[in-house]
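The values are calculated or read from the model by the stated rules, or taken from the named source; none is laboratory data. In this text the structure is predicted, and so the values were computed from the model without any measurement. Ideal geometry is used to build each Cβ from the backbone, glycine not excepted, and the neighbour counts take in all protein chains shown.
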Amino acid sequence: MNNAEIIDLAHSGLLNTYGCTPLAFVRGNGAYLYDADGIRYLDFFCGLAVTSLGHGHPRVVRAIRDQAEKLTHVSNVFHTEPMARLASRLSRLFGDGRVFFANSGAEANEAAIKVARRWGHGSGRFEFISTLGSFHGRTFGSLSATGQEKYHQGFQPLVPGFKMVDFDDVAAVERTINKQTVAVMVEPIQGEGGVVTPHLDYLARLRDLCDRAGILLIVDEVQVGMGRSGKMFGYQHTGIKPDIITLAKALGGGVPIGAMVAKSEIASVMTPGTHGSTFGGNPIACAAALAVIDALEQDGVMENAAEIGGYLIDRLREIGKTTGNVREVRGKGMIIGAALTHPAKPVVEECLKEHLLVNGTADTVLRLLPPLNLTREEADAGLAIIERALRTAAAAAKGA
Ligand SMILES: *Cc1c(COP(=O)(O)O)cnc(C)c1O
């Protein structure tokens, strides 16, 4: 089937929830994707920060293939070796954590919300403080924690017990904490919200505030975690340890998996029957995640993300000075946002014409989420396209 045939067929059967680009992909290799008409694209999007090792990474492919041949599912009534190994691995990466496996970021956050509610239950604490501009998922709990009105429209009433404050505003959190507050929930960098990077001491000051109030700090690492910032977890740039973190997106190297990791003394409030997921801990997904962690730890991938990501940020800043339509370039490692003086959409479209996949978010932010193992040559190829696209969009914005 070609692009048009696949797209027509898809829309004859799909619920209309995505405003998607009319492209259908058939295969990928490293930083490149190939569409159904045989055209090659450089991928600075990674399926929304998911395929962080690029497409068809040998470690991930081998892990999935080997596990699929052995066993694909047994349920959480039993155990499997990939699940056991991944639980132990994530527990050690976090430091004496207890892991709950889910299938997505929203579900990982649901688990975090449930653990916190149960932890606070005896003391009458149930309320969450999350931040404006945040994104935590589309299920009712995670949606209620999400600080963006547009996602709430038409779905009220939401789950009660969620308060919103400005991101990167510690004083606002302090003013909002009361006897009913159970947890503060934040992203280390707001991804969907526009790659909004807080002050370096934001998480440390939140940690201190939560300690003094005797409440939990939940850090949503769904987008920034698993090496994207140049460290395994985004909070590791700050010297603190959250009480709970959530993971998904890049964790499975393209296979759906989510995880919540909580400090063991907090996680102990969960007992058999209090939470569950049929697919959670699926052996294929866990085998893929183990391969992802191996690659991150053993192949120098995070060092590359820090180095090439830093290079991309520097070059974008230089480019922005000449094109005149870049207000600010933000980010860390391979999560990068260029805040523009006009909507990001025309830039995304210009890049697409030159077969580069990038993403626009928060209206005016051009977001780059390239593979963590991107080479300097691939970075330069993408930057050349972005520079032309920014120039074209700047001229169009001036003419308009
Ligand atoms: C994408 C995202 C989620 C939701 O993940 P899903 O897998 O789409 O449910 C939650 N939190 C953050 C920070 C995200 O970027």
| Unmet requirement for residue 286, which otherwise passes all of (1) within 16 Å of the ligand (Cβ to nearest atom); (2) closer than 21 Å to residue 58 by Cβ | (1)
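Among the residues of region 327-338, how many are in contact (Cβ under 8 Å) with a residue 60 or more places away in the chain, closer than 26 Å to residue 23 by Cβ and either in a strand (DSSP E or B) or more than 22 Å from the chain's Cα centre (by Cα) (or both)?
First, the residues of region 327-338 that are in contact (Cβ under 8 Å) with a residue 60 or more places away in the chain: 330-337.
Checking the rest, the ones that are also closer than 26 Å to residue 23 by Cβ come to 331, 334-337.
The next check asks that each one be either in a strand (DSSP E or B) or more than 22 Å from the chain's Cα centre (by Cα) (or both); those that pass are 331, 335-337.
The qualifying residues number 4.
For (1) in contact (Cβ under 8 Å) with a residue 60 or more places away in the chain; (2) within 16 Å of the ligand (Cβ to nearest atom), each residue gets a yes or a no:
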site: 49; (1), (2): yes, yes
site: 55; (1), (2): yes, no
site: 58; (1), (2): no, no
site: 65; (1), (2): no, no
site: 76; (1), (2): yes, no
| task | Taking residue 217 as meeting all but one of (1) surrounded by fewer than 24 Cβ atoms within 10 Å (Cβ to Cβ); (2) within 30 Å of residue 366 (Cβ to Cβ), write down the number of the exception. | result | (2)
| Qualifying positions in region 32-79 - loosely packed, with under 13 Cβ neighbours inside 10 Å and among the hydroxyl-bearing types (Ser, Thr, Tyr) | 72
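With respect to residue 184, determine if the residue is assigned to a strand (DSSP E or B) and within 15 Å of the chain's Cα centre (by Cα). Full working, then the answer.
Numbers: assigned to a strand (DSSP E or B): yes; within 15 Å of the chain's Cα centre (by Cα): no.
It is false that residue 184 is assigned to a strand (DSSP E or B) and within 15 Å of the chain's Cα centre (by Cα).
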| Among the residues of region 103-114, is there at least one that is surrounded by fewer than 18 Cβ atoms within 10 Å (Cβ to Cβ) and either on the phi > 0 side of the Ramachandran plot or not charged (D, E, K, R) (or both)? | no
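If you take the residues in region 341-369 that are small (Gly, Ala, Ser) and outside any strand (DSSP E or B), which one is farthest from residue 195 (Cα to Cα)? Walk me through how you get there before you give the answer.
As a first pass, look at region 341-369 and keep what is small (Gly, Ala, Ser): 344, 360, 362.
The next check asks that each one be outside any strand (DSSP E or B); those that pass are 344, 362.
Working: 344: 13, 362: 9 Å.
Once the filter is applied, the top-ranked residue is 344.
What about residue 179, is it in contact (Cβ under 8 Å) with a residue 24 or more places away in the chain, of a type in the set (D, E, K, R) and farther than 30 Å from residue 328 by Cα? Step through it out loud before you land on a result.
Numbers: in contact (Cβ under 8 Å) with a residue 24 or more places away in the chain: yes; of a type in the set (D, E, K, R): yes; farther than 30 Å from residue 328 by Cα: yes.
Against the criterion (in contact (Cβ under 8 Å) with a residue 24 or more places away in the chain, of a type in the set (D, E, K, R) and farther than 30 Å from residue 328 by Cα), residue 179 qualifies.
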| query | In region 263-284, how many residues are without any contact (Cβ under 8 Å) to a residue 24 or more places away in the chain and in contact with a strand residue (DSSP E or B) (Cβ under 7 Å, 6 or more places away or on another chain)? | reply | 0
| remark: How many residues of region 282-312 are buried (at least 20 other Cβ atoms within 10 Å of the Cβ) and either under 18 Å from residue 44 (Cα atoms) or in contact with a Cys (Cβ under 9 Å, 6 or more places away or on another chain) (or both)? The answer is 7
| Can you tell me which residues in region 131-171 are farther than 19 Å from residue 102 by Cα and of a type in the set (A, V, I, L, M, F, W, C)? | 132, 155, 158, 159, 162, 164, 165, 167, 170, 171
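Just to be sure I understand, how many residues within region 220-255 are free of Cβ contacts under 8 Å to residues at least 40 places away in the same chain, more than 10 Å from the ligand (Cβ to nearest atom) and within 27 Å of residue 311 (Cβ to Cβ)?
Residues of region 220-255 that are free of Cβ contacts under 8 Å to residues at least 40 places away in the same chain, as a first pass: 221, 225, 236, 239-240, 242.
Now drop any that are not more than 10 Å from the ligand (Cβ to nearest atom), which leaves 236, 239-240, 242.
With the extra rule that they be within 27 Å of residue 311 (Cβ to Cβ), the set shrinks to 236, 239.
Residues flagged as free of Cβ contacts under 8 Å to residues at least 40 places away in the same chain, more than 10 Å from the ligand (Cβ to nearest atom) and within 27 Å of residue 311 (Cβ to Cβ) within region 220-255 amount to 2.
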| said: So in region 131-174, with the set limited to residues that are exposed (fewer than 15 other Cβ atoms within 10 Å of the Cβ) and polar (S, T, N, Q), which one is farthest from the ligand (Cβ to nearest atom)? | reply: 156
| field | Residues of region 205-219 satisfying the condition of being among the charged types (D, E, K, R) and either in contact (Cβ under 8 Å) with a residue 12 or more places away in the chain or within 13 Å of residue 186 (Cα to Cα) (or both) | value | 205, 207
| remark: Residue hits (region 256-281; of a type in the set (Val, Ile, Thr) and surrounded by fewer than 21 Cβ atoms within 10 Å (Cβ to Cβ)) are 266, 269, 271, 274, 278
| request: Determine whether residue 306 is farther than 30 Å from residue 119 by Cβ, more than 16 Å from the ligand (Cβ to nearest atom) and modelled with pLDDT of 95 or more. | output: yes
| field | residue 29 over 18 Å from residue 249 (Cβ atoms), loosely packed, with under 15 Cβ neighbours inside 10 Å, of a type in the set (S, T, N, Q) and touching a residue at least 12 places away in the same chain (Cβ under 8 Å) | value | yes
| query | Which residues, counting only those in region 96-130, are in a strand (DSSP E or B), away from the ligand (no atom under 12 Å from the Cβ) and either in contact with a His (Cβ under 8 Å, 6 or more places away or on another chain) or of a type in the set (Asp, Glu) (or both)? | reply | 100, 127
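Determine, yes or no, whether residue 87 is in contact with a strand residue (DSSP E or B) (Cβ under 7 Å, 6 or more places away or on another chain), more than 16 Å from the ligand (Cβ to nearest atom) and not in a strand (DSSP E or B).
It is true that residue 87 is in contact with a strand residue (DSSP E or B) (Cβ under 7 Å, 6 or more places away or on another chain), more than 16 Å from the ligand (Cβ to nearest atom) and not in a strand (DSSP E or B).
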